[in-house]
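The values are calculated or read from the model by the stated rules, or taken from the named source; none is laboratory data. Here the structure is a predicted model, which is why all the values come from computation and not from measurement. Cβ atoms come from the backbone with ideal geometry, glycine included; neighbour counts cover every protein chain shown. When the accessible area is computed, the model is the full protein with side chains, heavy atoms only, and any ligands, DNA or RNA have been set aside. Shrake-Rupley method; radii C 1.70, N 1.55, O 1.52, S 1.80 Å.
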Amino acid sequence: MARIPYFDFSQASPALAQTMQGRRPLKMYGLIGHADESAISFLGLGRSLLTASSIDAGLRELVILRTAALCGANYEVVQHRKAAARIGLAAQKVDAVVVGIDTPMRIDAFDEKECAVLQFTDAVVREVKAPQAVFERVAAMLTHRQIVELLMIIGFYMMASRIGETLEIDLEEDAP
């Protein structure tokens, strides 16, 4: 059970209610809904990262899953396993990326670009700043826009993980 009650969207401000139109009633939204204007910005950034990023959807989901796994965020792992399945991401890759923080990732499941991006993700989550060699490897494969979007995806899902874990978010009823 969550540490705070889920927000009652019948009490939402007009702006938040408008932002929520057409969205599934996820438990995460029920937690961040308490933050009104900040929730609106959070939802806008999340949607942008999921729908307008120049990073390939499969690579994006690997990064999200890896970030969530490193943060110990079961809710985000469960949600994004479903997202990965919807876009056809190989189960072998998903399983390899969601190993815990103390378990080395099986890099043989990934291509060169995926390995570089996942190594970068690990460094940013664990050390805040990726070492120069790790950064240069990713910079040789991604555009400047993609590098910034990658950092925003990692940071956003670190924040989502901390919200969900600290507030002890419940899994959705349709969780496997």
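For region 25-75, filtered to residues that are open to solvent by 40 Å² or more (accessible area, probe 1.4 Å) and hydrophobic (A, V, I, L, M, F, W, C), the residue that is nearest to the chain's Cα centre (by Cα) is LEU50.
Filtering region 139-155 to residues that are more than 11 Å from the chain's Cα centre (by Cα), small (Gly, Ala, Ser) and either crowded, with 16+ Cβ neighbours inside 10 Å or part of a helix (DSSP H, G or I) (or both) leaves only ALA139. The residues in region 156-170 that are of a type outside the set (D, E, K, R) and either open to solvent by 70 Å² or more (accessible area, probe 1.4 Å) or without any contact (Cβ under 8 Å) to a residue 12 or more places away in the chain (or both) can be counted, and the count is 2. Mind checking whether some residue in region 96-113 is in a helix (DSSP H, G or I) and under 16 Å from the mean Cα position of the chain (by Cα)? Yes. Annotation: of all residues in region 9-37 being within 21 Å of GLU172 (Cα to Cα) and among the charged types (D, E, K, R), the one that is modelled with the highest pLDDT is LYS27. The set of residues in region 116-138 being without any contact (Cβ under 8 Å) to a residue 24 or more places away in the chain, open to solvent by 20 Å² or more (accessible area, probe 1.4 Å) and either within 14 Å of THR67 (Cα to Cα) or in contact with a strand residue (DSSP E or B) (Cβ under 7 Å, 6 or more places away or on another chain) (or both) consists of GLN119, GLU127, VAL128.
When the residues of region 38-81 are narrowed to those that are without any contact (Cβ under 8 Å) to a residue 24 or more places away in the chain and not hydrophobic (A, V, I, L, M, F, W, C), which ends up farthest from ARG162 (Cα to Cα)? Checked region 38-81; the qualifying residue farthest from ARG162 (Cα to Cα) is ASP56.
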